[in-house]
Amino acid sequence: MNLTYTLHDFWRQVRAFESMFFIAVLPAALFVMFGVTQGWSNESSGNGNVSAYLMVSMAAYGAVTATTSIAGSAAVERMKGWGRQLAITPMGTGGYAATKVVVAVAVAVVPVIIVYLVGVFTNSAMDDPWRWFATAGIVVACSVVFALYGLAAGLLFRSDGAVSAASGLLVVLAFLGNVFMPLSGSLLDFARFTPLYGIVGLARYPITEGWVVAVDGTAEQDSVWMLLANVGVWAVIFAAVALFAARRATARN
Amino acid sequence: MNTSATSSPSLSAPTTTPLAPAIECSQVHQVFRTRKETVHAVNNVSLRIDRGEIVALLGPNGAGKTTLLDIVLGMSDAEEGTVSVFGRSPREAVSCGLVGAVQQTGGLLDDLSVRETVVMIAALYRQHMPVDEALERAGATSFARRKVSKCSGGQQQRVRFALALLPEPDLLVLDEPTAGMDVQSRHDFWDTMHAEAREGRTVVFATHYLQEAEDFAQRVVLLDRGAVHHDGTVDSFRSASTHQTVSFVWPEPTPLPNLPGVTRLDRTGSRVIAHTHESDRLARFLLTQTPAAELEISRGGLEEAFTALISRSTDT
């Protein structure tokens, strides 16, 4: 992996305002609207307040948007000829993949930092300092799963439009995954099978210890194993689709 | 028919095998299979290009030029046959920085500036020429700060050329480098290339502009439907078409005698057009021993040679 190349690529992503708006600005704005300025902000959600709970949720949403769009556009730019340009340099496929993983994770850190800074300077509270770092770390680590999702979209449809659509679809997945609004009843039962549920559940775990409070006030506890299984199964599904799409792409060339 | 090797040991990096030619292809086959048909994109091509040669790879679209160059660049593996570049495998030669290429389908990233593009690619090489020098030599200094998306086709081609120069390669491979350029940019581009060639680099370029082959190459390799149809100097290529015509006015009642070396005769009114391989001999005969008048001799240009070679290969 090459440092100069990686830094330039990172800077190129971060200065692209259109994509950074959805990755960092929108989650921060959503957090201010629903997390900071509401009546429920200072109520407890376990080992922290509701504001902190929504801070983690929005940071997770920003981070998966980042990895989806970076990985997806990596696939597209590679197929659109930049890959051929790189193929005649000493950088191999492995080096390229490593570079993109680092860039994706680095960009995923951006919304986490911004949303957490907003939380720090407003009313987010957690019982211990380590919970801040634990939640942030889990968000960034789990967001890598969605790099596979973006990669699959980019490889399957081979266009920037498809990658944008895949990032846009994250809004729907976030609603279904109990990220934005607390769900209840059969919708909550269904949510457990959707791809963002596990990630956001794990990230909130240091605050909630798995407790999910529905709109109607009923509470259920998810085991950490169930959340890990959700993330693991979706990682395998995305990886399988990406692998299938990659095989198909090479066969066609 | 190969032109003699003008190897330049001073320029070849110490890592190259001393006597290996720049490119050596031996019985290379490449086949593409689709559901409906099997295309022999490269069909039994054997080719040796020595160091310092400037070779034009000529052929119509779909002749296999890009496929062959892809194999030489290590972008794809030949189904059969062997290819070595400076005595190494193509991939090894590429990753050592011995090869620079302007690829027909090589893309650039729209949202980078020209200079950033060159800086990023430069960083991937262990040794490379200074970024500013590459920009200067490719003639891209004046628009180095511009976004790639705002560059014209010709300017983007210069950016690709700057990238190709970065590792100071011993071999430059250019796949239709002037495609999409206007006449002036094309002219400027080849001026730049002349300067690079004088440094002793081996240059292999694919083109379907015959004029470029004639102006720039010492040797022309004609590919058609995946096979080498002609390989020699520009002059030998032109005469290989042996397409010369001698036309003259013939007095009507007199029957035409048997003309030496004529392959075909066309008559339009009183004018006779004789196609021949030996225009000098025919002209001498006509002027000294017949009543033929108003003699005109024309030798086919590269264009005609090209068409003749292609159509001949289509006939067979």
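Bear in mind that the values in this text are calculations on the coordinates, not laboratory data. Not measured: the values here are computed from a predicted model. Methodologically, a virtual Cβ is constructed for each residue, glycine included, from the backbone with ideal geometry; neighbour enumeration extends over all protein chains shown.
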Could you tell me the calculated FRET efficiency between A:THR37 and A:ARG247, based on Cβ-Cβ distance and R0 = 45 angstrom, to the nearest 0.05?
0.40
Which FRET efficiency, nearest 0.05, do B:ILE273 and B:HIS194 yield, Cβ-Cβ r, R0 45 Å?
0.70
Determine the relative contact order of chain A: mean sequence separation of Cα pairs under 8 Å and six or more apart, normalised by residue count, in whole percent.
24
Using the Kirkwood radius over Cα pairs of the protein assembly as shown, the Stokes-Einstein translational diffusion coefficient at 4 °C and 1.567 mPa s, in µm²/s and rounded to a whole number, is 46
Quick check on segment A:105-153: take the gyration tensor over C-alpha atoms, sort the square-rooted eigenvalues as a ≥ b ≥ c, and tell me if it's rounded (a/c under 1.5), prolate or oblate.
prolate
Please tell me the relative contact order of chain B in percent, rounded to the nearest whole number, where contacts are Cα pairs under 8 Å and at least six residues apart.
19
When N counts the residues of chain A, how does its alpha-carbon radius of gyration compare numerically with 2.2 N^0.38 Å, as a ratio?
1.02
Report, in deg cm²/dmol and to the nearest 500, the calculated mean residue ellipticity at 222 nm for the protein assembly as shown, where each DSSP H run with n ≥ 4 adds -39500 (n - 2.57) and the sum is divided by the residue count.
-15500 deg cm²/dmol
Fewest to most neighbouring Cβ within 10 Å: what's the order for B:VAL131, A:VAL112?
B:VAL131, A:VAL112
Quick one: go through segment B:209-225 and flag any residue whose amide nitrogen is under 20 Å from the point 7 Å out along the Cα-to-Cβ line of B:VAL183.
B:209-216
Expressed to two decimals, chain B has a Cα Rg over Rh, using the Kirkwood radius, of 1.08
Only four residue types carry charge here, +1 at the Cβ of Lys and Arg and -1 at the Cβ of Asp and Glu. Report the dipole size of the protein assembly as shown about the Cα centre in Debye, rounded to the nearest 20.
340
For the residue pair B:ASP215 and A:ALA97, what label-to-label distance in nm results when each label sits 7 Å from Cα along the Cα-to-beta-carbon direction?
4.6
Could you tell me the distance between the Cα centroids of segment A:171-241 and segment B:198-259, to the nearest Å?
72
Taking every DSSP beta bridge that has both residues in the protein assembly as shown, what percent is antiparallel when rounded to the nearest 5?
70
Percent of Cα-Cα pairs per 10 Å bin, from 0 to the last occupied bin, for segment B:153-257, please list those.
12, 37, 26, 11, 7, 6, 2, 0
Measure off 7 Å from each Cα along the Cα-to-Cβ vector at B:SER89 and A:THR122, then give the distance between these two points in nanometres to one decimal.
5.6
Global size of segment A:144-253 as Cα Rg and Dmax, reported in angstrom
15.9, 55
Kindly provide the pair-distance distribution of segment B:13-99 built from C-alpha pairs, with 5 Å bins from 0 and whole-percent values in order of increasing distance.
3, 14, 24, 24, 18, 9, 5, 2, 1, 0
For B:GLN127, put the label point 7 Å out on the Cα→Cβ axis and report which residues of segment B:78-107 keep their amide N under 16 Å from it.
B:93-100
Contact order relative to length of segment B:150-284, as percent, for alpha carbon pairs under 8 angstrom and 6 or more apart:
16
So, with points 7 Å from each Cα along the Cβ direction, the B:THR38-B:ASP235 label distance in nm works out to 4.4
Helix A:145-157 sits off the longest principal axis of the Cα atoms of chain A, rounded to the nearest 10 on a 0 to 90 degree scale, by 40
The orientation-averaged projected area of the Cα convex hull of segment A:90-209, in nm², is 9.6
